[in-house]
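Some notes on the structure that comes next.
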Amino acid sequence: MGRNLLWGLAAAAVMGSILSAKAQETIKVAYIDPLSGGGASTGETGLKTYQFIADQLNAKGGVLGKRIEIVGYDNKLNPQESLIQAQKAIDAGARVITQGNGSAVAAALTDFVAKYNDRNPGKEVLYLNYAAVDPVLTNEKCNYWHFRFDANADIKMEALTNYLKPSTSIKKVYLINQDYSFGQAVRVAARRMLAAKRPDIQIVGDELHPLQKITDFAPYVAKIKASGADTIITGNWDKDISLLLKAAADAGLQVDWYTYYADAPGGPTAIKQTGLNHRVFQVAEGAANIPNAPSQEFERALRAKYDFGLLYPRAVNELRLLAAAIAEAKSTDPLKIAAKLEGMKFTVFDGGEGFMRADDHQFFQPMYIKSFGDLTTNEPFDEEKTGWGWRVVAKVDTPDTILPTVCKMKRPST
Amino acid sequence: MSVLTARTGPAPRPAILTAIGRYGVWLAVAAAFIVLPLVFGSGTALTMMSLMGISIVFALSYNMLLGQTGMLSFGHAVYFGLGAYFAVHGMNAVAAGGLPVPLPAIPLAGGCGGLVFAILFGWVSTKRSGTAFAMISLGLAELVGSSALILRSFFGGEEGVTTDRTKLLRLFGVSFGQQIEVYYLIAAWCLLCMFLMYAFTRTPLGRMCNAVRDNAERAQFVGYDPQMVRFLAFCVSGFFAGVAGGLAAIHFEIANSAYFSATQSGNVLLATFIGGSGYFFGPVIGAALVSYLQVMLSDLTEIWQLYFGLLFIAMVMFAPQGIAGVLVMHRPLWGRRALSRVTAAYAIALPPALVMLAGFALVIEMTYRLAAKAAEGPAMTFFTVPLAADRPEAWLAAGALAIGGFVLFRLTWPIIAAAWAAADPRKESRP
Amino acid sequence: MLELVIISTLNGVQYGMLLFLMASGLTLIFSMMGVLNFAHASFYMLGAFFGFQISRWLGFWPALVIAPVAVGGIGALVERYGLRNVHRHGHVPELLFTFGLAYVIEEVVQMIWGKAPVDFRVPSLLDFPAFTVFATNYPAYKLFMLLTSVAIFVVLFIILRRTRIGLVVQAALTHPHMVAHLGHNVPLVFMSVFGVGTALAAVAGVIAGPALVTQSNMAGLLGPILFVVVVVGGLGSLAGAFAASLLIGLVQTFAVSVNLSMADIFAFAHFTPSPGTIARDVWNVTLAQIAPILPYVLLVLVLVLKPTGLWGTRET
């Protein structure tokens, strides 16, 4: 056995490389997100989540008899690199691209997909956006081939501000966000909606910091302290929220947090360190402890395989919706899939009805406000082995989440 | 005719042959550029060849600094990026204003952008030389890269600025939507830039750049101001870097702050050095090779960048003259019988070398499998041979290949040395 | 306000001392061998990862001792078998060798530990607030970082100025040939200095790892600032590196706290550039937003005006 191995290796060494081509028929979905550098924790978690969901779908026979294959491409959180990777994915046979981390990347991708489809009729690709929530992507920059499965930043801020409207204890709010399109969208929406709903609240700070570049937020926490704020509203994600929380824990900052992505890898651990029990809130489309049997079963299976819980209920929705659209269209041609996807109604992961609005390709679904802290006996899931977990404190039904759009989409003439 | 004026040498060559000798190389290169897409027509190949074209122009502009004038810059991507931004804004302005400017003229806008800033920054940078110059270039690169996120109106922030290359004036109905059309545009500009940069090396200024590189003090005594020479070289180099940036902007239809990144500056340095900074065609080889590796190697193994870095270190240590230098080293052998002897010696040395490299590669791949990809299990394939990374036999085999290969390789060195010594008794023999 | 100033000063000094730990090694190596070690930040990263791995097996305190020794050993080997061979090709290949080394080290780290951050925790012994300034806690671990850096500076200073080996090193700084003629093993001295320099960077890595993010891109984040420190302080001056590190640490930390822009300062001028122009961006940008690039502005200014650095003794 050893000698055969030696000969085999020697022969292989002399022979040179042979690129093995996958001969199987699969539906390739290209996952283009950061797999190295600043956004790597979320990117890698996302890739594994997608693979898990695809495995489940394939175990039930796949779609139209074909397996769904998720292929990861590292874009290093960079728009130009994403285009290179998208081209590579298309050359490798993928006709569905999915991406979520970074609205800057999303803007470049949606532009690229629109141009590519325009210039290559018959070879179109779909772009499924699972987390880039800059509202502009389904408004001014909307396009027919882009579908967004996450509630956009305005929808989320609407839900958040509605929740905190009756809290008279909030007097001074500090805004801290990442300095790019999404972070700016969050602060603009926060200012607008707070001014409309609670004009008595004073905004004592409005901070923009570089995206995924800061390793020590201590100076920023010092500023927040100095401003006397009692509430923080932030759209930070991945390292930017977990390090901000960590710095807050170190400094002993005692405020309420209203966040978009506090459940990022490292976030729950940092929240536990701050000791803020049920004072950190997040707006999301799901939570592990929602008493819905199928989603809890999924959660258990995912945690058994990997060390993390489900960050993206919307990813589950996305792949299942894609599979349903392919099955209904009886084809893997993006032109036909898109026609079926828009307007589609769907039972979402955590229970309830959602639908993909045809006007702007924005998916609407029930939204939840959840807070992080100690759990009761019928809340079985904690996060990152801290003993604390997410508890739903408010639910917004789908019809109440709908916001208008200015999208004027150019549709293909079929 | 007297004895003194009689011709003693062979008849002078006809003028046409001289012309072919001089320009033939360029015609051959042009022909190659035209024919390549017919041989490699796939989407990936076209994209890769376009990227190669852009890198070649960029690397050649970089070598104007490094190889010709002896200036090591760590921030050349600044001019590349600024060229790209000027090109993108130019395209948007032309499309918005309906101006009669066709797409092939756009790289010129990129070149001008690079030139303007090379004049601005070059005046400051070229006051110093050597390590100080390198550090200034590094600092400037970081400055410009960070400013891109602050000056949003021009640089577009994190998203960058996008454009559409099909919206410009169309000559002969060519819209440049298809990759093949973009390839030909890039190839044409690449050829033009190569020719111009080669012509630059033939000018007195180009020669003085070499002089300043070799001995700045002596150049001063001859009457030239080294700082002015460096400054002019810097400006011309910045112009061509801007052209490369313009071509990249046309290809990607986006310009963002990643164009200024340290990776971009580092890649061009790698490409130029690996190709060989001492010869004009060195960066061409280096840029083509690096572009190819960047696109194709990632399919072969996930840790191709490690191999890349090791290759670079090996070249710095053992062959600092680069690939071009190694090729030129063999030039005296051309057309002589000794060439076949040296080639035979290389052929004998090649199998052990490959075995040794395969052994090292196997060790690296197995370490990677066990360390970073532990969750996916130890089963892997190496050049289509399946094996398990956690079995001791696999490690022993890898070790045997590596060490055994090295020992055998070492034994062939005297053969190569002897072949070289026989080839030229006056030359010092070296493997 | 006073609280902000005090906390910012503490943070700034602590960040500056961390920079100094790394810059000290770099400036020693440069003074000694004329080699600007591009891979210095990579040794810092190696120190952090070795520290992480060893702390998982043996605990943080053994890691604090073992990791720097291991990395220093690797550094000495790199000098002996790598740098010394490249030295004969000239300065540019030397620089490029360290450049390639930085690249390879990053790849190896990515290969072994992956690309995502690793969970390098603060040792439980130090995981408490040391004291409270007004209402803000200052973590004990940061105090530990500060004290260790100061201690190492003092030890380094004493060794260089007061011991025999320090005398030899100082002499080899400026007259290596003479020192060799006097019978000292100069190559051995060089190798030891390189090893000690990289070990210092590794100590910085082990200490900084739990406080900052331990990830394979950490070398790239801190590397350029390191060069700024060394160049601004003066190539060849340890005291200069100390002063420059503090300067840059304080400048960066204080700048982040200041939300002033030119629009605020010149508000009386009632000058409003139209939106969407560069003038508007420059007018409205706050000091906090440009805080990360201030060191580079300083670098360019110093290099153009005084290339020996603020306290330096030699140019390149």
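Every read-out reported here was derived from the displayed coordinates using simple, explicitly stated rules and does not represent laboratory data. Quantities reported herein were computed from a predicted structural model and do not represent experimental measurements. All Cβ positions, glycine included, derive from the backbone under ideal geometry; neighbour counts span all protein chains shown.
The 3J(HN,Hα) values that the Karplus relation (6.51, -1.76, 1.60; θ = phi - 60°) gives for region A:347-363 are, in residue order, 8, 7, 4, 8, x, x, 9, x, 8, 9, 5, 6, 4, 10, 6, 9, 8 Hz. Gly and Pro appear as x. On the basis of the beta-carbon distance and an R0 of 56 Å, residue B:388 and residue C:170 show a calculated FRET efficiency of 0.50. Measuring nothing but how far apart in sequence close Cα pairs (under 8 Å, 6+ apart) lie, relative to its length, chain A scores a relative contact order of 15 percent.
Here's how it looks for residue B:127: its modeled amide H is under 5 Å from none belonging to a residue 5 or more places away or on a different chain. Between B:310, C:50, A:270, whose Cα lies farthest towards the positive end of the dipole of the protein assembly as shown when Lys and Arg beta carbons carry +1 and Asp and Glu beta carbons carry -1, centred on the Cα centre? Farthest towards the positive pole: B:310. In loop segments of region B:260-345 as defined by DSSP, the chymotrypsin sites (Phe, Trp or Tyr not before Pro) with at most 10 further C-beta atoms inside 10 Å of their C-beta are B:334. For residue A:126, nonlocal amide neighbours, meaning residues 5 or more places apart or on other chains whose placed amide H falls under 5 Å from its own, are A:96, A:97. Label-to-label distance for residue B:336 and residue A:278 is 9.1 nm, based on points extended 7 Å past Cα in the beta-carbon direction. Taking a ≥ b ≥ c as the square roots of the eigenvalues of the alpha carbon gyration tensor, region A:138-268 is oblate, as a/c is not under 1.5 and a/b does not beat b/c. From the alpha carbon centroid of region B:85-100 to that of region B:114-158 is 24 Å. Within a straight-line Cα-Cα reach of under 19 Å, residue B:127 can be paired with the following lysines, leaving aside sequence neighbours fewer than 8 residues apart in one chain: C:306.
Phi angles across region C:165-171 convert, under the Karplus curve 6.51 cos²θ - 1.76 cosθ + 1.60 with θ = phi - 60°, into 3J(HN,Hα) values of 5, x, 4, 4, 4, 4, 5 Hz, Gly and Pro given as x. For chain B, rounded, prolate or oblate, judged on the Cα gyration tensor with a ≥ b ≥ c (square roots of eigenvalues), a/c < 1.5 rounded, else prolate if a/b > b/c? Oblate.
Ordering B:266, B:72, B:216 by the projection of their Cα atoms onto the charge dipole of chain B, which places +1 on the Cβ of Lys and Arg and -1 on the Cβ of Asp and Glu, puts B:216 at the extreme positive end. In this Cβ point-charge picture (+1 for Lys and Arg, -1 for Asp and Glu), the protein assembly as shown has a dipole of about 2860 debye about its Cα centre. Once the C-beta distance of residue A:358 and residue A:196 is scaled by a Förster radius of 25 Å, the resulting FRET efficiency is 0.30 to the nearest 0.05. With a threshold of 25 Å on the Cα-Cα distance, the over-threshold entries among A:48/A:141; A:165/A:213; A:408/B:167 are A:48/A:141; A:165/A:213.
Contact order, relative form, for region C:2-223: 44 percent (alpha carbon pairs under 8 Å, 6 or more residues apart, mean separation divided by residue count). The value of relative contact order for region C:178-316, using C-alpha pairs under 8 Å at least six residues apart, is 30 percent.
Helix-only arithmetic for chain A: the sum of -39500 (n - 2.57) across DSSP H runs with n ≥ 4, divided by the residue total, places the mean residue ellipticity at 222 nm at -12500 deg cm²/dmol. Dipole magnitude for chain B: computed about the Cα centre from +1 point charges on Lys and Arg Cβ and -1 point charges on Asp and Glu Cβ, it is near 1640 debye.
For residue A:67, the amide hydrogen comes within under 5 Å of the amide hydrogens of A:27, counting only partners 5 or more places away or on other chains and with H modelled in the peptide plane.
Each of residue B:220 and residue A:168 was given a label point 7 Å from its Cα along the Cα-to-Cβ line. The distance between the two points is 8.0 nm.
Take the Cα of residue B:411, step 7 Å along the line toward its Cβ, and report every residue of region B:321-347 whose backbone nitrogen sits under 19 Å from that point. Under cut-off, by backbone N: B:344-347. In this rough spin-label picture, where each label sits 7 Å from Cα along the Cβ direction, the residue C:185-residue A:374 distance is 6.4 nm. Charge dipole of chain A (Cα centre as origin; +1 on each Lys and Arg Cβ, -1 on each Asp and Glu Cβ, all else neutral): 500 debye, rounded to the nearest 20. Whole-Hz Karplus values for region B:274-281 come out as 5, x, x, 7, x, 10, 5, 7 Hz, taken residue by residue from phi with 6.51 cos²θ - 1.76 cosθ + 1.60 and θ = phi - 60°; glycine and proline positions read x. Using a ≥ b ≥ c from the Cα gyration tensor of chain A (square roots of the eigenvalues), is it rounded, prolate or oblate, where a/c under 1.5 gives rounded and otherwise the larger of a/b and b/c decides, a/b for prolate? Prolate, because a/c is 1.5 or more and a/b exceeds b/c. Helix C:186-211 and the longest principal axis of the C-alpha atoms of chain C enclose an angle of approximately 40°. Each of C:188, B:161, A:315 was placed along the dipole of the protein assembly as shown (beta-carbon charges, centred on the mean Cα), and the one lying farthest toward the positive end is C:188. Per-residue mean of foreign Cβ neighbours for B:392-401 is 3 (Cβ atoms of other chains, 10 Å radius). Ordering of C:121-127, B:209-215, B:140-146 by packing is B:140-146, B:209-215, C:121-127, highest average first (other Cβ atoms within 10 Å, averaged per residue). Pairs over the 29 Å Cα-Cα cut-off, from the set A:239/A:340; A:88/A:340; A:171/C:142; A:336/A:370; A:123/A:156; A:115/A:336: A:239/A:340; A:171/C:142; A:336/A:370; A:123/A:156. From the alpha carbon centroid of region A:218-279 to that of region B:160-179 is 47 Å.
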